[in-house]
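The values are calculated or read from the model by the stated rules, or taken from the named source; none is laboratory data. The shown structure was predicted, so the numbers you read here are calculated from the model rather than taken from an experiment. No Cβ is skipped: glycine too gets one built from the backbone with ideal geometry, and neighbour counts run over all protein chains shown.
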Amino acid sequence: MPLVTDPGDAAVLLDALGVQISPELLVLSLTHRSFAHEAGGIPTNERLEFLGDAVLGVIVTEYLYRSHETVPEGGLAKMRAATVSQRALARSARALNLGEYLLLGKGELATGGRDKDSILADTIEAVFGAVYLTHGLEITREVVHRVVGESLEQAAGLGAGLDWKTSVQELSARLGLGTPRYEVEGTGPDHARSFTAMLLLDGTEWGRGHGRSKKVAEQDAAERAHAALKGAHPEVPRGA
């Protein structure tokens, strides 16, 4: 499993991104807080994640605004939420094999941290932050489009109803399954709280999601439940 200690270690990752990033900044973007804590409190990727989240939001919002001139604000917001959702970003991170390069503590490694949606989504935002600091907005826009382009296309194809909690509620009503119910549990200290949400229909679990807030966890669970319901009911039209 490669640890990024020099540019050659991450050559495949950088090639997939299509840009160069300094070894120091790249290592920082891949340093999870669990690794930083075990290493004696070295800097984590959380500040880069904060920056990358904002840059990603601007780039995706501008793309949707320019590409969908007739879609109202509410519809654009839902399409953006689908594109930058934790699950969508984690899917893009997996396409880059980003998990192979993560610097994680022993506890996260033991619990499958390299493939956790929350960690992958946060890390890809940190990588976008590193690209932005290195190359500015225009190059970062190219990288974002290259990395999350599939999610952008899916959001456009599904249309303006793409709020997962609303969409799964409408779908469950159409299928006669009643109103979704969410059960949410939180774990961890206040400064690093994480939540798990289960979506239940008539007592049956259809989706389980994770996130740093109840809202994110519920949206993740709703997205997974929507996909599960569509899989179980192939007669439902695409986009429903």
Flagged in the range 52-71 as crowded, with 17+ Cβ neighbours inside 10 Å, more than 17 Å from GLN154 (Cβ to Cβ) and either out of contact with any Asp or Glu (no Cβ under 8 Å at 6 or more places or on another chain) or hydroxyl-bearing (Ser, Thr, Tyr) (or both), in numbering order, are VAL55
Within the range 134-146, the residues that are surrounded by fewer than 18 Cβ atoms within 10 Å (Cβ to Cβ) and either at negative phi or not assigned by TED's automatic domain parsing to the domain that holds PRO43 (or both) are THR134, HIS135, LEU137, GLU138, ILE139, GLU142, HIS145, ARG146
Of those in the range 100-126 that are within 17 Å of GLY52 (Cβ to Cβ) and of a type outside the set (A, V, I, L, M, F, W, C), the residue surrounded by the most Cβ atoms within 10 Å (Cβ to Cβ) is THR123
Residue count, the range 36-54, condition at pLDDT 95 or above and in contact with a Lys or Arg (Cβ under 9 Å, 6 or more places away or on another chain), comes to 3
Per the list (1) within 15 Å of the chain's Cα centre (by Cα); (2) crowded, with 22+ Cβ neighbours inside 10 Å; (3) over 18 Å from VAL148 (Cα atoms), residue check on ASN45 breaks on (1)
When the range 170-216 is checked residue by residue, the ones that are small (Gly, Ala, Ser), at pLDDT 90 or above and out of contact with any Leu (no Cβ under 8 Å at 6 or more places or on another chain) are ALA173, GLY176, GLY186, ALA197, GLY203
Looking at the structure I just gave you, is GLU138 out of contact with any Gly (no Cβ under 7 Å at 6 or more places or on another chain) and modelled with pLDDT under 90? no
When every residue in the range 178-200 that is out of contact with any helix residue (DSSP H, G or I) (no Cβ under 9 Å at 6 or more places or on another chain) and assigned to a loop (DSSP other than H, G, I, E, B) is compared, the one surrounded by the fewest Cβ atoms within 10 Å (Cβ to Cβ) is PRO189
When the range 201-240 is checked residue by residue, the ones that are assigned to a strand (DSSP E or B) and in contact with a helix residue (DSSP H, G or I) (Cβ under 9 Å, 6 or more places away or on another chain) are LEU201, GLU205, TRP206, GLY207, ARG208, GLY209, HIS210, GLY211
Expected single match for in contact with a His (Cβ under 8 Å, 6 or more places away or on another chain) and surrounded by 16 or more Cβ atoms within 10 Å (Cβ to Cβ) among GLN86, GLN169 is GLN86
Among the residues of the range 93-135, the number that are at pLDDT 95 or above and charged (D, E, K, R) is 2
### Message
On the basis of being in the same structural domain as ALA36 (by TED's automatic domain parsing) and either under 21 Å from HIS210 (Cβ atoms) or in contact with an Asp or Glu (Cβ under 8 Å, 6 or more places away or on another chain) (or both), does GLY74 make the cut?
### Response
no
Pairs returned, first residue in the range 164-178 that is of a type in the set (Lys, Arg), second residue that is crowded, with 19+ Cβ neighbours inside 10 Å, beta-carbon separation under 7 angstrom, 6 or more apart or interchain, are LYS165/GLU218; LYS165/GLN219; LYS165/ALA222
